[in-house]
Amino acid sequence: MSETINLFTPLKGKLNLKNRIVMAPMTRCRAIGNLANPLIATYYAQRSTAGLIITEGVAPSPNGLGYARIPGIFSPEQTESWKTVTQAVHAAGGQLFMQLMHTGRVGHSANLPAGAQLLAPSAINADSPMWTDTQGMQTTETPKAMTADEIKATIEEFAQAAANAIEAGFDGVELHGANGYLLEQFLNAGTNQRTDEYGGSIENRARFVIETARAVVERIGADKTAIRLSPYNTFNNMPAYDDTAALYDYLATELNKLELAYLHLIDYASRATEEGRALLQSIRTSFKPALILNAGYTKERGNLALANNEADLISFGTPFIANPDLLHRLANDIELAQPDTNTFYTADAAGFTDYPAAV
Ligand SMILES: Cc1cc2nc3c(=O)[nH]c(=O)nc-3n(C[C@H](O)[C@H](O)[C@H](O)COP(=O)(O)O)c2cc1C
């Protein structure tokens, strides 16, 4: 009998990790001027006992900077700024992937640099509240429907951003295809009403995501390229649509052909229905590289999912905010500290780097 796999079992293969606990990507809005900084380096280094850290969403394009104080990776200055972060995490024995997040229609012009614009597959407003540092709380604006040239240019921006991330010392990149941002806006039949080859059928709606993933693979290699997806997601006002299961089945099969490093699935919406649970099983079968599951996992649920071979890795988001030493606490059944939601998106060290390790 082989030994039961749990959260503390190393992962061997293309991805070699010291344990199966992944820090989920979390936007924290400390990137003043859209740059990484020593505070951000300290934050990630404090959490480097995780098998893998996935950074907060980082914009591959000025057009993807929809939120205030999120970082970018499209300029040389931004690329340089991330080197402190990768060095700090590697020095502490960790590994880290950068999440590339293009916010698409989820944004406001007050958050964008001069000359940038909100782009999306179709000109449909997300109608969501949006914080801006200069105008306070606003509502998202209606994005411009991307032209064929803008689609090409955006794919190239992702590939260049991935190359920049590798130059900055990252172990790989995760494409943010979840939670209602640009990639998912193409997948969703409600937010993508295009009549060209990027809209309509399942194959057409999946095209932008697959072409982006392929362009990144060609630039930095499949072993360094990963993706995050969230079937049945409604966050950011994403509407429900009929062929969700068929779309994600197709997508998982196509992404499998690219031999990516991993697929990171937010599973809670899928787990809520029989159709969704069947989809999770079918993705587990069709996608052969590593699978990460996320959302609401505890030590017990994570160990169970690994023992049942539902996933290879489990990611934790909020538990990492107030518990920099989450690994130690889970291993020793030490009570977890609760994070202060008021400082999730504020600008400084408070609620970011000042959570203590357990004594
Ligand atoms: C403050 C905060 C910021 C987040 N930012 C991102 C993000 O930038 N990219 C992303 O894919 N998910 C983001 N998420 C979602 C988390 O990665 C994760 O899916 C969610 O917290 C559920 O996991 P948990 O139950 O372990 O916290 C964020 C979550 C929180 C709490």
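Key figures
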item	result
Rg/Rg_globular for region 28-80, with Rg_globular taken as 2.2 N^0.38 Å and Rg from C-alpha atoms	1.14
Euclidean distance between Cα centres, region 49-101 to region 167-186, Å	11 Å
Length gained when the stretch ASP340-ALA278 is fully extended (0.36 nm per residue, less Cα-Cα span)	18.7 nm
Cα-Cα over 26 Å, subset of LYS14/LYS83; LYS12/LYS152; LYS83/LYS144; LYS83/LYS152; LYS224/LYS257	LYS12/LYS152; LYS83/LYS144; LYS83/LYS152
With all protein chains modelled, accessible area of PHE316 [1.4 Å, Å²]	10 Å²
Probe 1.4 Å, protein heavy atoms only - accessible area per residue of the chain in square angstrom	39 Å²
Residue range of the chain that is longest and free of GluC sites (Glu not before Pro) which are both DSSP loop and sparsely packed (at most 14 other C-beta within 10 Å)	4-196
Added length on full extension, which subtracts the Cα-Cα distance from 0.36 nm per residue, THR285 to TYR241	13.5 nm
Reachable aspartates and glutamates, given that their alpha-carbon falls under 16 Å from the alpha-carbon of LYS288 and they are not under 8 places away in the same chain	ASP223, ASP249, GLU254, GLU259, GLU310, ASP312
Accessible-area composition of the chain, carbon plus sulfur, in percent [1.4 Å probe]	53 percent
Quotient of C-alpha Rg and 2.2 N^0.38 Å, computed over region 21-343	0.93
Inter-label distance, nm, simple model (7 Å from Cα along the C-beta direction), LEU258/MET26	2.7 nm
For q = 0.11, 0.16, 0.24 Å⁻¹, Debye-computed log10 I/I(0) when each Cα of region 128-231 counts as one equal scatterer	-0.40, -0.80, -1.24
Rg ratio (alpha-carbon, reference 2.2 N^0.38 Å) - region 1-95	1.24
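The values are calculated or read from the model by the stated rules, or taken from the named source; none is laboratory data. Keep in mind the model is a prediction, meaning the values are calculated, not measured. We place every Cβ from the backbone using ideal geometry, glycine too, and count neighbours over all the protein chains shown. Heavy atoms of the whole protein, side chains included, go into the accessibility calculation; ligands, DNA and RNA do not. Shrake-Rupley method; radii C 1.70, N 1.55, O 1.52, S 1.80 Å.
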